[in-house]
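To start, the structure under review is shown below, and the notes come after it.
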Amino acid sequence: MKEIIATNQEEKRINAFLRDEGIGSRRTIDAYIEKGYVMINKKPATLGSKVVSGDKIHVEHPHKELIYALYNKPRGEVTGHHPELPGCEPLGRLDKESEGLLLYTNDYRVSDALLNPKHGREKEYEVLVYEKCTPRVVTLLKKGIRTQEAQYAPVKSVSIYNEGHSLRIVLTEGKKHEIRRMLNALNLTVKKLVRVRILSFVSHGLKSGVVHMLSPRQIKTLLSETGIEK
């Protein structure tokens, strides 16, 4: 049995509270409540129950082991569940033709902390294009790009190298096909796109197609960089 003492000053629904504690998704928590696994101040929780600072919550269902892993996705592979990481979700998907770093976890707190653009978490990419980039590309990417699909926020940083055929781009949002669509709007065609960094975690040294389970020290760094208290 796991005991959690609420510290939130405002009332919060029990399913959202336990989700933020890393117990599971709100749907999973609702299922636990219906099975009688969740108690609030020694009384069975009900769907829609709320908790506030000082409340004692007991979860009788065995607390799952939290998993955090990096995976270097090869080009041509579809982002999805990984057989070595059951129950984990990939955070920040890469399209089939892109490659590079993915973070997998079953800690739902990390999902919002990493993916919600309001938090400004960094992801870095190396992009090879067929055409030659001009300084105007940097200027426009730093202003933000509007396409037929969406309005894209200004990139955090961008630099051009390799005689104008390569870009290093840092994003703080993660809309679908964002880099490909922004560059297409600038008449640039992507030849290769690699995500090389998520927060302070880099793909260097991690072979393509390989899973790396984060060490306790790396987990501490991840939770610190996403503003989550263990």
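The values are calculated or read from the model by the stated rules, or taken from the named source; none is laboratory data. Keep in mind that this is a model prediction, so the values were computed, not measured. As a convention, Cβ positions derive from the backbone with ideal geometry for all residues, glycine included, and neighbour counts pool all protein chains shown.
Checked against (1) within 17 Å of L103 (Cβ to Cβ); (2) modelled with pLDDT under 95, K73 meets all criteria but (2). Against the list (1) part of a loop (DSSP other than H, G, I, E, B); (2) touching a Leu at 6+ places or on another chain (Cβ under 8 Å); (3) more than 20 Å from E229 (Cβ to Cβ), the condition K96 fails is (2).
State whether one or more residues within the range 122-132 are under 26 Å from V211 (Cα atoms), in the same structural domain as M213 (by TED's automatic domain parsing), assigned to a loop (DSSP other than H, G, I, E, B) and touching a helix residue (DSSP H, G or I) at 6+ places or on another chain (Cβ under 7 Å).
In the first step, residues of the range 122-132 are kept if they are under 26 Å from V211 (Cα atoms); the result is 122-128.
Going one step further and asking which of them are in the same structural domain as M213 (by TED's automatic domain parsing), we end up with 122-128.
With the extra rule that they be assigned to a loop (DSSP other than H, G, I, E, B), the set shrinks to 122.
Remaining after also requiring touching a helix residue (DSSP H, G or I) at 6+ places or on another chain (Cβ under 7 Å): none.
No, because not a single residue in the range 122-132 is under 26 Å from V211 (Cα atoms), in the same structural domain as M213 (by TED's automatic domain parsing), assigned to a loop (DSSP other than H, G, I, E, B) and touching a helix residue (DSSP H, G or I) at 6+ places or on another chain (Cβ under 7 Å).
Reported count of residues in the range 7-44, each being over 21 Å from P86 (Cβ atoms), crowded, with 20+ Cβ neighbours inside 10 Å and in contact (Cβ under 8 Å) with a residue 40 or more places away in the chain, is 2. Of all residues in the range 99-116, those satisfying the criterion of being assigned to a helix (DSSP H, G or I) and touching a residue at least 60 places away in the same chain (Cβ under 8 Å) are Y108, R109, V110, A113, L114. Across the range 147-171, the qualifying residues are those that are farther than 22 Å from K191 by Cβ and of a type outside the set (A, V, I, L, M, F, W, C), and the one among them that is nearest to the chain's Cα centre (by Cα) is K156. Any idea which residue in the range 28-81 is farthest from the chain's Cα centre (by Cα), counting only those that are part of a loop (DSSP other than H, G, I, E, B) and of a type in the set (D, E, K, R)? Only one residue tops the list, namely K42.
Looking at E97, E89, which one is surrounded by 16 or more Cβ atoms within 10 Å (Cβ to Cβ) and either among the hydrophobic types (A, V, I, L, M, F, W, C) or outside the structural domain of V38 (by TED's automatic domain parsing) (or both)? Write out each step before concluding.
Values: E97 fails: surrounded by 16 or more Cβ atoms within 10 Å (Cβ to Cβ).
The match here is E89.
In the range 121-146, of all residues being over 27 Å from the mean Cα position of the chain (by Cα) and among the basic types (K, R), the one that is farthest from V158 (Cα to Cα) corresponds to K132.
Answer yes or no as to whether T79 is loosely packed, with under 12 Cβ neighbours inside 10 Å and either of a type in the set (S, T, Y) or in contact with a Cys (Cβ under 6 Å, 6 or more places away or on another chain) (or both). Full working, then the answer.
Values: loosely packed, with under 12 Cβ neighbours inside 10 Å: no; either of a type in the set (S, T, Y) or in contact with a Cys (Cβ under 6 Å, 6 or more places away or on another chain) (or both): yes.
In short, no.
With respect to the stated conditions, K123 is modelled with pLDDT of 95 or more, touching a Leu at 6+ places or on another chain (Cβ under 7 Å) and crowded, with 17+ Cβ neighbours inside 10 Å. Yes or no: the range 157-166 includes at least one residue that is surrounded by 13 or more Cβ atoms within 10 Å (Cβ to Cβ), under 22 Å from S203 (Cβ atoms) and touching a residue at least 40 places away in the same chain (Cβ under 8 Å). Checked the range 157-166: at least one residue is surrounded by 13 or more Cβ atoms within 10 Å (Cβ to Cβ), under 22 Å from S203 (Cβ atoms) and touching a residue at least 40 places away in the same chain (Cβ under 8 Å).
The residue of the range 171-195 that is modelled with the lowest pLDDT, among those that are β-branched (V, I, T) and surrounded by 15 or more Cβ atoms within 10 Å (Cβ to Cβ), is T172.
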